[in-house]
Amino acid sequence: MPNNLGTPERPLRVAIIGSGPSGFYAADSLYKSDLTISVSMFERLPTPYGLVRFGVAPDHSKIKNVIKVYEKTAAHDQFFYYGNVEIGVDLTVHQLRKYFDALVFANGAETDRKLGIHGSELKGNHTATEFVAWYNGHPDFQENVFDLSCETAVIIGQGNVALDVARILTKTIDELKETDITQNALDVLSKSKVKTVHVVGRRGPAQAAFTPVELREFGELANCDPIVRKEDMELSYPSQIELEDPKNAPKKKNCSILEDFAQREEPKKNKRFVLHFKKSPAAIYGIDDENKVGKIYLEKNVLVGEPNHQKSKGTGEKEELKCGIIFRSIGYRGVPITGLPFQEQAGIIPNTEGRVSDSEQIYPGLYTVGWIKRGPSGIIGTNKPDSEETIKHLLDDLKELNPCKNPDNKMLEELLKENNVRYVNFEEWKKIDDEEIKRGQPKGKPREKFVHVKDMLDFLD
């Protein structure tokens, strides 16, 4: 018997798990349909916006303007926000299905890939995402300690996150103090002794994953010179062919900027940003008998394969780089949620164009968007078409969905209260937002973030 979901008499009820860009684009896509739809968004932290709040670099404030778009979505009269609610802990997937007709998982990629080399366990070897989350005020990372008393840092990976970390380490405090970086991070960075930051990539300049805008900034820093070896800009024939492909236009721009860096005079500023190409981390060793990073061995690579399919291959030749701290920025991966299938190798929820499925079956009423759907790729805007694809399939499946037993948010809220879950609604988030902006004003900052969940809840209560 066909259901009447999506009608004024029985609105389609969708739960979105995760409040980052992909979650908000999914909500927006649902509201753009001709149906009557109620969206409830669940977020583990009290604060929404995911990587826009905790991943975008504090000195790139314009990127955060996209939040205004998400606020318009949240203003819909059938939008309900439940912050400080962790799915799999405070509510199970099974419980959610009693209150919603469809679930959309937008919970991102919360952990990092491992280096898997000798010495990975030494102190001073961190993930780039820990450092980014720390200086951006993510509550999970405020107790982390980063020892910046050394002169040399090494970053493994050549994406935009690697460049963000390098930029924060090489900028002056004057360049950072009027951003929304946390006060604690500013205090630690003001005592930093780091003078040289090496950024290491396993392939060549033509394959580096950073974007021209991010790269160009290193030529304009107040107290840091970019360093690129001229030999590294002698590109192989397959790499030259790659750069002529119109879809590789950004990488061609990268090479033009790198060429400019390579031609510059001797560095005169106090700090150095050094790019290494065709090198992979081989082993990390401590200083004497200390359990702390002291040096890293890099293996030189050659590129093999056809244009656009070149891979790095180790030559066996190694070089030593003394350093006191290492950050790895080699990709994110999702974490499993109880009650859902999980693809361990890729670190995603297995799916077919957003419909949750594995090799044996499709899971009706379960969908996924964003990095937990496709893996960690693209920029914020990439999530929009990705979410639209999933929501199109959800709406196509409307007649096959099983209507939930309890189509009522009040019943859901009673369950949360029974479980002693102090959820934060969107109006309460706006109070936190206003207070952060107010706290930033005396310092000339756009905001001074709350960095502990307890402080947020104490402020609200």
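Summary table below
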item	result
Cα-based Rg of the stretch 114-330 normalised by 2.2 N^0.38 Å, two decimals	1.02
Charge dipole magnitude, Cβ of K and R +1, D and E -1 - the stretch 171-214, Cα centre, debye nearest 20	400
Global geometry of the stretch 320-371, whether rounded, prolate or oblate, following the gyration tensor of its Cα atoms and the 1.5 cut on a/c	prolate
DSSP bridge pairs, the stretch 114-330: antiparallel proportion in percent, nearest 5	40
Cα-centred dipole magnitude for the chain, charges only on beta-carbon of K, R (+1) and D, E (-1), debye, nearest 20	840
For the chain, share of DSSP beta bridges that run antiparallel, in % to the nearest 5	35
Mean separation of Cα contacts under 8 Å, 6 or more apart, over the residue count of the chain: relative contact order %	22
Cross-link reach list, lysines versus residue 292, counting only Cα pairs under 23 Å and skipping chain neighbours closer than eight places	114, 123, 191, 193, 195, 279, 318, 322
Theoretical FRET efficiency, 1/(1+(r/R0)^6), r = Cβ-Cβ of residue 416 and residue 62, R0 45 Å, to 0.05	0.80
Potential lengthening between residue 457 and residue 361 on full extension [0.36 nm per residue; Cα-Cα distance subtracted]	30.4 nm
Alpha-carbon centroid distance for the pair the stretch 10-47 / the stretch 290-304, whole angstrom	45
Taking only Cα atoms of the chain, radius of gyration then Dmax in Å	23.8, 77
FRET efficiency for residue 178 and residue 338, using Cβ-Cβ distance with R0 set to 35 Å, rounded to 0.05	0.20
Placed amide H near residue 225: partners under 5 Å, 5+ positions off or other chain	269, 271, 272, 273
Per-pair calculated FRET efficiency, R0 = 51 Å: residue 302 and residue 400 via Cβ, rounded to 0.05	0.45
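Taken together, the values in this text are just the output of simple stated rules run on the coordinates, not laboratory data. All of these numbers come straight from a predicted model, not from anything done at the bench. So basically every Cβ, Gly included, is an ideal-geometry build from the backbone, and we count neighbours across all protein chains shown.
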